[in-house]
Amino acid sequence: MTTARTYRDALAFAAAKEMDADPSVFVFGLDVPDHKRIFGSTKGLVEKFGIDRCFGTPLSEDAMTGVAIGAALSGLRPVHVHIRADFLLLGMNQIANVMSSLRYMSGGSLRLPLVIRAIIGRGWGQGAQHSKSLHGVFGHFPGLKVGLPTSPQDAYSMLRAAIRDENPVILLEHRWLYDIEGPVDENHLPLLEGPVVVRPGNALTVACTSWMTIEALKAAEVLAKHGVELEIVDIRTVAPLDETVVADSVAKTGHCIVADYDWLYSGFSAELAARISHRCFGSLRCPIERIGFAQVPCPTTRPLENLFYPSAVHIIRVAERMLGLPMIDLNHETFYSYEERFKGPF
Amino acid sequence: MTTARTYRDALAFAAAKEMDADPSVFVFGLDVPDHKRIFGSTKGLVEKFGIDRCFGTPLSEDAMTGVAIGAALSGLRPVHVHIRADFLLLGMNQIANVMSSLRYMSGGSLRLPLVIRAIIGRGWGQGAQHSKSLHGVFGHFPGLKVGLPTSPQDAYSMLRAAIRDENPVILLEHRWLYDIEGPVDENHLPLLEGPVVVRPGNALTVACTSWMTIEALKAAEVLAKHGVELEIVDIRTVAPLDETVVADSVAKTGHCIVADYDWLYSGFSAELAARISHRCFGSLRCPIERIGFAQVPCPTTRPLENLFYPSAVHIIRVAERMLGLPMIDLNHETFYSYEERFKGPF
Amino acid sequence: MLTKSEGLQLYRSLLLIRLTEEAIRSHYHLDEMKTPVHLGIGQEAIPVGVCHCLPKNAVTFGTYRNHALYLALTQETDRFFAELFGKETGLGRGKAGSMHLCAPGQGLMATSAVVATTIPLAVGAALAHAYRKESTPVAVFFGDGAMEEGVFWESLNFASLRSLNILFVCEDNGLAIHTGASDRRGFSSAVRSVQGFRCKTASADGSDLSAVIRATERLRAEMAQSKQPGFLHLTYLRFLEHVGINEDFAVGYRDSPSPEERIARDPVARFTAQLLALGCAQGELDEMRTGVEAQVECSLNRARDARLPADEALYEDLLI
Amino acid sequence: MLTKSEGLQLYRSLLLIRLTEEAIRSHYHLDEMKTPVHLGIGQEAIPVGVCHCLPKNAVTFGTYRNHALYLALTQETDRFFAELFGKETGLGRGKAGSMHLCAPGQGLMATSAVVATTIPLAVGAALAHAYRKESTPVAVFFGDGAMEEGVFWESLNFASLRSLNILFVCEDNGLAIHTGASDRRGFSSAVRSVQGFRCKTASADGSDLSAVIRATERLRAEMAQSKQPGFLHLTYLRFLEHVGINEDFAVGYRDSPSPEERIARDPVARFTAQLLALGCAQGELDEMRTGVEAQVECSLNRARDARLPADEALYEDLLI
Ligand SMILES: Cc1ncc(C[n+]2csc(CCOP(=O)(O)OP(=O)(O)O)c2C)c(N)n1
Ligand SMILES: Cc1ncc(C[n+]2csc(CCOP(=O)(O)OP(=O)(O)O)c2C)c(N)n1
Ligand SMILES: [Mg+2]
Ligand SMILES: [Mg+2]
């Protein structure tokens, strides 16, 4: 059955679905059951499943990450939710020293089916401590799966798949995606979806993560008016990474931009660019360009914040340069901002 | 004045030099003043400067990282020492959320002259929780400087420079380098040394970090017997990264291996490979190859550990493939192992 | 006992905080201050009272709920508002926003949007003072939620171990966002929970400026005598929502205060009553209010008129 | 009071641990066990005593100093030695080494080389039991140094908040590597430091098996009655260096124990005396020793003969 849902609803719906199916699934984290319900993404869970299966915690990210691991080792399927990915840095020891390696060290005798959900992205001048993405950092440590659902269908299918997965899975959700509405087929196979072509084109491949997919679609819309068709790949699952879809696209287009929602330095964009440079050595007609955060902490003030974040405009400008096109006049185009977030349908 | 010193002595000597010159410099961390003195690298400090300037701490990496920041904000120059880099993951919130961004957020009114020293690398079956490198992860966060001194001279100059630096600097020291002896010019300018060609060659550029430089030198020695001259670049300072030396080398050789002492995925090898692929697009004659840890946690048992770690043999095999050479018989070569660590002179 | 002139000075501080926060409340809807604000209405007496007891050279640290602390320490509103407006003339050139204010010149070294993270920094500052054999005290302000973070305990342990001159000030509003203490604490008394460490403790009604001052003075005296750190537990009512400008008693996660409670927990109202009892005239207080209003209004306008940082500022202030 | 047969069984456990560690000491120089070892000579009575008081289905967690705990729980030495030798037949197929042993089938869920990291895991297991309304108890063993890590306090707070059935066992040897307690603790009594939380506490001489059992039983009874977690503080002497097989009293960071102290702090010697007083015959004990020696010898040889993991194992056991 397919229904139109927002991304936030799709998340809450997916959790409810899995909690219904499996009593060992529970959702916890700071402020998970309060009236704001993590921007609505845990809506309805406490009413339906009670406070034993949807509960808040003290401010203790380090221990609570360990608690999730311990509960998973004991046969439960915890979903640990964080309103900002930055706070996960407090649990980094548990994530990178314990969660990622416990199964391996046990020679396969332990299993850790747990999910961490954390919100990334832009708010209202959130500044340096509320703006990190971290998917590249998490992916760096073998033993973790890391995904960034973009569409409501992704949110639904990937959260369900993550909960069913026998491994630790970290899902990062961009705040601006929450309002997007799109068709959600509730019978869609729960899968940690890999890279997918979300828009076909022939001129240049743009491989994107999370919100950058939306920006790339906007860039494609603008460029299409000038006869340039971008092919857009949404990576979705960054670790383990299968870059085949991107490589196939680049084999066709000969041009590639990696547009990542993170800093470039040793981030996911570096990994993908290194792999595609390697794999598509013969078909690339010019160097891969990377687009991401400016290499500074995120500033609060809006004009600098606008420069900090990568956008459709960056993609357009880089594409023009790569393809040797004249600069398009963008004065009459409207781009996304805090006030004008894309709302969908996706 | 130039004296032969081991890497460990060079570290202790550099610290003593700076503590002598500046009373605001102090060294602290778990077990820093005990009789083992962090593998000898803090030797003599407590005798010379007293327990007030060289002291141990409780097991509280998170708070102690914050303590270093607070002391630095107050005009001191702390050197915080960790016997394993893995433990820094406990201080990740302070490192990535606070240390890296405090100056930026203050619009430049704060300064944080502090050093973190941590040991990386291989011991006696250290396993998954005592084997991380993390330089790529730290470099990912703008606002931090990250270095990996390789030679005793590097250890001396870079530690002195790090202490004098007005910014937070993280230095990672490979355990196996500690025994290496080499000339140390004590008047050498304290500098956070950037990439340097440590061995000239024309066939292929190997860009290395830390211990991989030693492995690459070994590989070069073997390949040279077969008429193949590797050019080896030791990166030394990975963040901020200036890849010019590597790019110049690749312009000459047309071939590049990045041999990093870390996992590949979104690690430093990805960053360097992405940059060089971009910058040397026209001169690369085949794709850049990356060599690093196997993408699993580090296993304890020796045969798997040997497969986990990158070595001279890996470099030789990859170089052969890239250059289309026949496989060299390595049966009569001796390679480094725990028991046969390279001791120097460098 | 406070003298009348001291009282008036303290009153001005309380009022400056209150009117600044009220000014934010009335201008925020214009969307010119593009930064999340955690307001201090109800909290005023804590920083005003504690800082009153500290010497001028004291060093302080705070949280994202830092307006009251900043204003109590500096009485300054120009650079403050400029920061909230994201202007080049702001405390952090607009890069800080409301949550990361600092003013090292006035002793406010750092504040942070990640709960509990400035606590060890404050301990590091206290260590620096001990290192240099200086008597400069340090005070770190944090919410009750911060006590649940491990780093609080690590910091308390280290400060107690090293007998540092640091005052841990717990600003206890009984809430972490919308979650009450009973859903977060495995202890029944914050003060008792820390008494196993070698530190001195005190608690008081943080809505009552005089009580805050008395408790702080007593605790500081005990700290001086014992050479131990201090833990000061002060309760107050957060009148507004966690972040933002509105009241949210109607939402349901906590009870609405009775009219009596509103007055009892309003530091400005309580201290006004005390000042009047002390012999201050209402006219005097009204006059002071007019002055403070003018200051706030003027700073707000200046901030609005100031220029935004230039594009080049993006890459500035990172490394030296 | 222990019966004689219980006593003999416990004695066998103590002895198995002691002789296993001694076997490691005598074979380690052959460099076949390529893993750092943190031996438990002096520590034996703690896991033996505590685990004796737990039901068979109890779930436990430990540290890198885990040999005694593993052996107390399992009495098994084949897979244990195989792991130390890095063999395919080891508990973790050689990937774990000494520091990360686990045996989920026998309730030992995880141990870790990063201090304090299994404490919250244990709390998570206790939460899982509460979630499923099972009465299965959890015990987590950790060194005194672990109390300095923030995560200990976070874990204690959460366990106290949720009234979890978990026993925190502090194995206090007064040392973290070479650093004494007085250089690390901002509190004077470990037990008092946690008493501000809603938990029960007890302490005992951890070198005395009977005392360990008495304290554990009493504490578990109080925990059951109050529905609160327990904190058990047990002191012991680490006879050897922190990591490795040698004594290091001569190095200078601590005093060498007197001959009396050596006996008083030797759990095997002390319990032997108690057993003899209980009416066991020396011959009985000697016979038991011969059996244990044979077990250890046999396991050691099996481990040596076992095969190393094949190359393919490198990429196995990561993700399911
Ligand atoms: C480490 C961390 N976890 C979670 C958050 C999200 N958060 C912001 S404020 C807050 C509540 C803090 O409560 P308290 O410390 O009592 O301060 P108050 O807001 O009441 O002044 C939370 C959970 C955060 N900022 N930092
Ligand atoms: C988080 C962390 N910091 C530092 C270390 C290095 N280290 C290993 S054991 C140890 C001492 C731990 O002492 P304690 O907890 O008392 O355990 P014990 O060895 O005495 O059994 C230290 C500091 C570590 N393993 N983990
Ligand atoms: Mg609060
Ligand atoms: Mg100990």
- prompt: Tell me, what does the Kirkwood hydrodynamic radius of the stretch B:77-223 come to in angstroms if you use every pair of distinct C-alpha atoms?
  reply: 16.5
- line: In nm, the gap between the two label points placed 7 Å beyond Cα toward Cβ at B:ASP179 and C:GLN106 is 5.9
message: I need to check one value: relative contact order of the stretch A:235-342, counting alpha carbon pairs closer than 8 Å and at least 6 residues apart, in percent.
response: 24
task: Only helical DSSP H runs with n ≥ 4 go in: add -39500 (n - 2.57) per run for chain B, normalise by residue count and round the 222 nm mean residue ellipticity to 500 deg cm²/dmol.
output: -9500 deg cm²/dmol
statement: When A:HIS80, B:HIS188, D:HIS242, D:HIS29 are ranked with the fewest other C-beta atoms within 10 Å first, the list becomes D:HIS29, B:HIS188, D:HIS242, A:HIS80
message: With the cut-off at 1.5 for a/c, could you classify chain C from its C-alpha gyration tensor as rounded, prolate or oblate?
response: rounded
message: Placing +1 on the Cβ of each Lys and Arg and -1 on the Cβ of each Asp and Glu in the stretch C:197-320, which of C:ASN301, C:LEU209, C:ILE245 has its Cα farthest towards the positive end of the resulting dipole?
response: C:LEU209
- prompt: Sorted from fewest to most neighbouring beta carbons within 10 Å, what does the list A:THR2, B:THR150, C:THR216 look like?
  reply: A:THR2, C:THR216, B:THR150
query: Which residue, A:VAL98, A:VAL258, A:VAL296, has the most motion in a Gaussian network model of chain A that connects Cα atoms within less than 10 Å?
result: A:VAL296
query: In whole Å and largest first, what semi-axes does the C-alpha gyration tensor of chain B yield when each eigenvalue is scaled by 5 and square-rooted?
result: 34, 22, 19
- prompt: Using alpha carbons only, how many degrees (0 to 90, rounded to 10) separate the axis of helix B:211-224 from the longest principal axis of chain B?
  reply: 20
message: Charges on Cβ only, +1 for Lys and Arg, -1 for Asp and Glu, centred on the Cα centroid of chain A; of A:MET322, A:HIS255, A:GLY267, which one is farthest towards the dipole's positive end?
response: A:GLY267
field: Listed residues A:TYR104, C:LEU69, D:PRO47: farthest to the positive end of the dipole of the protein assembly as shown (Cβ charges)
entry: D:PRO47
- prompt: In degrees between 0 and 90, to the nearest 10, how far off the longest principal axis of chain B does helix B:61-73 point, with axes built from Cα atoms?
  reply: 70
- request: Report the charge-dipole magnitude of chain B in Debye, nearest 20, computed about the Cα centre from +1 at each Lys and Arg Cβ and -1 at each Asp and Glu Cβ.
  value: 260
message: Just to confirm the numbers: B:LEU189, label point 7 angstrom along the Cα-Cβ line, distances to the other copies in nm, shortest first?
response: 6.1
query: Any idea how far the Cα center of the stretch A:19-84 sits from the one of the stretch A:312-346, in Å?
result: 38
message: If I model a spin label as a point 7 Å beyond the Cα along the Cα-Cβ vector, how far apart are those points for B:LEU323 and B:GLU229 in nm?
response: 1.1
- request: Using only Cα atoms, find the angle between the long axis of helix B:152-164 and the longest principal axis of chain B, and express it within 0 to 90 degrees, rounded to the nearest 10.
  value: 40
field: Peptide D:183-192 - average C-beta neighbours from other chains (10 Å radius)
entry: 6
- request: Place a +1 charge on the Cβ of each Lys and Arg in the stretch C:174-320 and a -1 charge on the Cβ of each Asp and Glu, then give the dipole magnitude about the Cα centre in debye, rounded to the nearest 20.
  value: 1040
field: Virtual spin-label span in nm between D:GLU260 and C:SER226, 7 Å along Cα→Cβ
entry: 3.6
- request: Can you give me the span-like helices of chain D, meaning DSSP H runs with 27 Å or more of Cα extent along the axis and Kyte-Doolittle mean at or above -0.5?
  value: D:4-27
message: Please report the projected area of the protein assembly as shown's Cα convex hull averaged over all directions, in nm².
response: 49.1
- prompt: Where does chain C land at 222 nm, in deg cm²/dmol rounded to the nearest 500, when only DSSP H runs of n ≥ 4 count, each adding -39500 (n - 2.57), divided by all residues?
  reply: -13500 deg cm²/dmol
- request: Under a 10 Å cutoff between Cα atoms, tell me which one of A:GLY324, A:GLY121, A:GLY254 has the largest fluctuation in the Gaussian network model of chain A.
  value: A:GLY324
- prompt: What does the charge dipole of the stretch A:2-185 about its Cα centre add up to, to the nearest 20 debye, if the Cβ of each Lys and Arg holds +1 and the Cβ of each Asp and Glu holds -1?
  reply: 140
- request: Can you check what the net charge comes to around B:ARG164, using other residues whose Cβ is under 9 Å from the Cβ of B:ARG164 (Lys, Arg +1; Asp, Glu -1)?
  value: -2
- request: For chain B, with a Gaussian network of springs between Cα atoms less than 10 Å apart, report the residue from B:ILE116, B:ILE316, B:ILE232 with the top mean-square fluctuation.
  value: B:ILE316
query: Antiparallel DSSP bridges in the protein assembly as shown: what percent, to the nearest 5?
result: 20
query: For A:134-141, what's the mean count of beta carbons from other chains sitting within 10 Å of each residue's beta carbon?
result: 6
message: Using a 10 Å cut-off around each Cβ, can you sort A:ASP9, A:ASP242 from fewest to most neighbouring Cβ atoms?
response: A:ASP242, A:ASP9
message: For a 26 Å ceiling on Cα separation, which of these pairs sit above it: A:LYS43/D:LYS227; B:LYS48/B:LYS343; B:LYS132/B:LYS218; B:LYS17/B:LYS132?
response: A:LYS43/D:LYS227; B:LYS48/B:LYS343; B:LYS17/B:LYS132
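Laboratory data are not the source of any read-out in this text; all were calculated from the coordinates shown. Just so you know, these numbers come straight off a predicted model, no measurement behind them. We place every Cβ from the backbone using ideal geometry, glycine too, and count neighbours over all the protein chains shown.
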